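Just so it is clear, none of the values below were taken in a lab; they were calculated from the coordinates. Keep in mind that this is a model prediction, so the values were computed, not measured. Note that each Cβ is placed from the backbone with ideal geometry, even for glycine, and that neighbours are counted across all protein chains shown.
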Amino acid sequence: MWERGYAATSPRDVRQRAGVGQGSMYHHFPSKRDLAIAALERNVADLLPAASDLDGPGDPMSRIEAYLMRPRDALKGCKVGRMTQDPQVREDPALLAPVTRAFAQVHVLWVKVLREAIAAGQLRADLDPERLAHTLMAVIQGGYVLAIAQQDPGPFDDARAGALDLLRAAAPSTPTGTNDKGRKGTNNKGHRHRTTRGE
């Protein structure tokens, strides 16, 4: 289903790939819809541990960079996101529910790490973590679409590297430090004197 989509995958395709008989499959999955729901739940279970890296050890920006740039098979697309391109999945609440839940959970992780990066002074305080989280999720999903459309992983790699560039550009500007002499100089008698702009 990840490769072909829900509509284009038949129970026979699944049996042949899994090497099981018809009776065995229908014993566990009475219908194609039941099989699809189980497959989607499995794909969600594969996605969330990777996304949990956003909540792992290390400083926030390091976690963000590691997650954005982790190896992915761009030409296969996202196991979860790709299912939303199938009309039958979009129109069936039971099939869409695992996809919706997965993206909601990933969004929570993104918001959390972005808030941590802001609190740590790694990103500007005027950024909206909720909105930025959706932006970064869209970069990844859109990168998959571009890569598949062109049959080239380059656009996917460029999209996530570009997102990282934008995040780095959103770091607070470092205030110019001044030394003690520049802040308050003293004359030879120990009295303070005003510093001039030339000092």
In nm, spacing of pseudo-spin labels at Asp126 and Arg70 (7 Å Cα→C-beta vector) | 3.3
Between Glu91 and Glu41, how many nm apart are label points set 7 Å from Cα along the C-beta direction?
-> 2.5
Length gained when the stretch Ser52-Arg168 is fully extended (0.36 nm per residue, less Cα-Cα span) | 39.6 nm
Quick one: dipole size for the range 28-170, taken about the Cα centre, charges +1 on Lys/Arg Cβ and -1 on Asp/Glu Cβ, in debye to the nearest 20.
-> 200
Percent RCO, i.e. relative contact order, over the range 28-170, from Cα pairs under 8 Å lying at least 6 residues apart | 28
